[in-house]
Amino acid sequence: MYLDKPLQEYLDDLASSKSTPGGGSTAALSGAMGSALACMVSRLTLSKADYADVHADIETILTQTEQLRTRFQELMQADIDAYDKLSASFKLPRATAEEKAARTQAIQAGLVDAALVPLEMAECAAELVQHCQRIAEIGNKNVLSDIATASMMASGAGTGAAWMVRTNLNAMKDAERVSALNSRLNAALDTISAGSQRVVAIVGERA
């Protein structure tokens, strides 16, 4: 688990020629950092008496953004594990018809897992952007730049993860599943796009 190691080790491995960590775990890390910033702004709002009338809303948001931070952290490793599993399936033997069939089945199953992990990242990012929008509306004015950054990190996490999703969907043979997962992805991306633009507008108005 990279979370148990120095950040330098993750960055060094990311910069290396290793297959993992890669774009998926980077997207998850971006989401975790965006969530952490949202938590910070929430706490800096709760610490101010001037914002007492929104403390209940902010406390709820803080709980939810902490949960997102935890999940993004878990998805960092989940993405690495899913990729490694998929990669291993491509190395299965294919000398006989039975082996070829088993290999194909393993690859297709691996592609589903490798698509679902970044898809969840995108959906978590959409949820985070919505929280950022609400924090931008009612949160501590002195740290609006931080919530704007949180929103951008969430946006980067979602759009980055989307590339991982699409890569795996392009190789999947189950058209019905591909369509369903694409629909989920597009819904998340629409939410991210609209929400992040709204955060920028709100911060510009309140700053």
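Being more than 24 Å from residue 148 (Cβ to Cβ), at pLDDT below 95 and not aliphatic (A, V, I, L, M): is that true of residue 19 here? Explain how you work it out, then say what you get.
Working: more than 24 Å from residue 148 (Cβ to Cβ): yes; at pLDDT below 95: yes; not aliphatic (A, V, I, L, M): yes.
Judged against the criteria, residue 19 is a match.
Could you list, in sequence order, the residues of the range 185-207 that are basic (Lys, Arg) and surrounded by fewer than 16 Cβ atoms within 10 Å (Cβ to Cβ)?
Here is the first cut: in the range 185-207, the ones basic (Lys, Arg) are 198, 206.
Matches in the range 185-207: 206 only.
Pick from the range 93-127 the residues that are charged (D, E, K, R) and part of a helix (DSSP H, G or I): which of them is most open to solvent (accessible area, probe 1.4 Å)? Outline the logic, then answer.
Residues of the range 93-127 that are charged (D, E, K, R), as a first pass: 94, 98-100, 103, 113, 120, 123, 127.
Okay, now just the ones that are also part of a helix (DSSP H, G or I), so 98-100, 103, 113, 120, 123, 127.
Numbers: 98: 136, 99: 64, 100: 111, 103: 36, 113: 56, 120: 57, 123: 64, 127: 74 Å².
Among those that are charged (D, E, K, R) and part of a helix (DSSP H, G or I), it is 98.
Between residues in the range 172-198 that are closer than 30 Å to residue 147 by Cα and residues that are modelled with pLDDT of 95 or more and open to solvent by 70 Å² or more (accessible area, probe 1.4 Å), which pairs lie under 6 Å by C-beta distance while being six or more apart or on different chains?
That search, which allows pairs on different chains as well, returns 195/130.
If I filter the range 143-158 for residues that are in contact with a Leu (Cβ under 7 Å, 6 or more places away or on another chain) and without any contact (Cβ under 8 Å) to a residue 60 or more places away in the chain, do I get at least one hit?
Among the residues of the range 143-158, not one is in contact with a Leu (Cβ under 7 Å, 6 or more places away or on another chain) and without any contact (Cβ under 8 Å) to a residue 60 or more places away in the chain, which makes the answer no.
Taking the range 135-147 only, how many residues are surrounded by fewer than 23 Cβ atoms within 10 Å (Cβ to Cβ) and either in contact with a His (Cβ under 8 Å, 6 or more places away or on another chain) or not polar (S, T, N, Q) (or both)?
Just the residues of the range 135-147 that are surrounded by fewer than 23 Cβ atoms within 10 Å (Cβ to Cβ), to begin with: 137-138, 140-146.
Next, only the ones that are either in contact with a His (Cβ under 8 Å, 6 or more places away or on another chain) or not polar (S, T, N, Q) (or both) stay: 137-138, 141, 143-144, 146.
So the count comes out to 6.
In this structure, is residue 162 under 23 Å from the mean Cα position of the chain (by Cα) and either aliphatic (A, V, I, L, M) or open to solvent by 10 Å² or more (accessible area, probe 1.4 Å) (or both)? Please lay out each step first, then the result.
On the way: under 23 Å from the mean Cα position of the chain (by Cα): yes; either aliphatic (A, V, I, L, M) or open to solvent by 10 Å² or more (accessible area, probe 1.4 Å) (or both): yes.
Here the answer is yes, as residue 162 does meet what is asked.
If you check every pair at least six apart or on different chains, which have Cβ atoms under 6 Å apart with a residue in the range 63-74 that is within 11 Å of residue 38 (Cβ to Cβ) and surrounded by fewer than 19 Cβ atoms within 10 Å (Cβ to Cβ) first and a residue that is at pLDDT 95 or above and not basic (Lys, Arg) second?
66/39
The values are calculated or read from the model by the stated rules, or taken from the named source; none is laboratory data. Just so we're clear, the structure is a prediction, and the values are computed from it rather than from any experiment. No Cβ is skipped: glycine too gets one built from the backbone with ideal geometry, and neighbour counts run over all protein chains shown. In case anyone asks, the SASA skips ligands and DNA or RNA and just uses the protein heavy atoms, side chains included. Shrake-Rupley method; radii C 1.70, N 1.55, O 1.52, S 1.80 Å.
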